[in-house]
Amino acid sequence: DAGVHSKAWYAATCDRKMAEDALYRSNKDGSFLIRKSSGQDSRQPYTLVVFYNRRVYNVPIRFIESTRQYALGREKSGEERFDSVAEIVENHQRTSLVLIDSQNNTKDSTKLEHIVRVS
């Protein structure tokens with residue numbers, strides 16, 4: 001278990017559009033939630049959805065079978081790995097998360113500051 005089900009930031013019944021709409025409504029940099037990934041792939045079970053600079057970023061959360069750990073985004077050397085999704089959130093409430101916009105090739109960073117609840 002990723003340690004998500006009892007958390008305020010976990011939107012269990014939320015799809016991508018609902019998550020994005022809720023974050024646009026919050027309109028606060030650092031607003032975030034975690035939802036199930038659209039593909040329902042066991043290697044990418046969740047998505048971290050973050051609002052920053054009037055944009056919504058959907059960051060895949062990968063499950064690494066060999067170590068039973070989680071990591072963000074595409075696999076890269078020297079990446080941070082976590083024992084639970086909750087650890088990812090706690091870590092990025094303290095340290096900035098790099099947000100990469102692949103369309104415009106820009107990088108931003110923000111901390112996870114405001115939990116958004118989807119009604």
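Please treat every number below as a calculation from the coordinates, not as lab data. These figures come from a predicted structure and were not determined experimentally. Methodologically, a virtual Cβ is constructed for each residue, glycine included, from the backbone with ideal geometry; neighbour enumeration extends over all protein chains shown.
A straight line joining the Cα centroids of the range 58-119 and the range 13-30 runs 17 Å.
Across the cross-link table entries 7/76; 7/107; 28/107; 17/76, which are compared at the Cα atoms, the separations over 26 Å belong to 7/76; 7/107; 17/76. Convex hull volume per residue, computed on the Cα atoms of the chain, equals 105 Å³.
Defining a contact as two alpha carbons under 8 Å apart and six or more residues distant in sequence, what relative contact order in percent does the chain show? Before the final figure, lay out each step's value.
Details: 225 pairs, mean separation 31.3, N = 119.
Reported relative contact order: 26 percent.
For the pair residue 64 and residue 113, label points projected 7 Å from Cα toward Cβ lie 3.0 nm apart.
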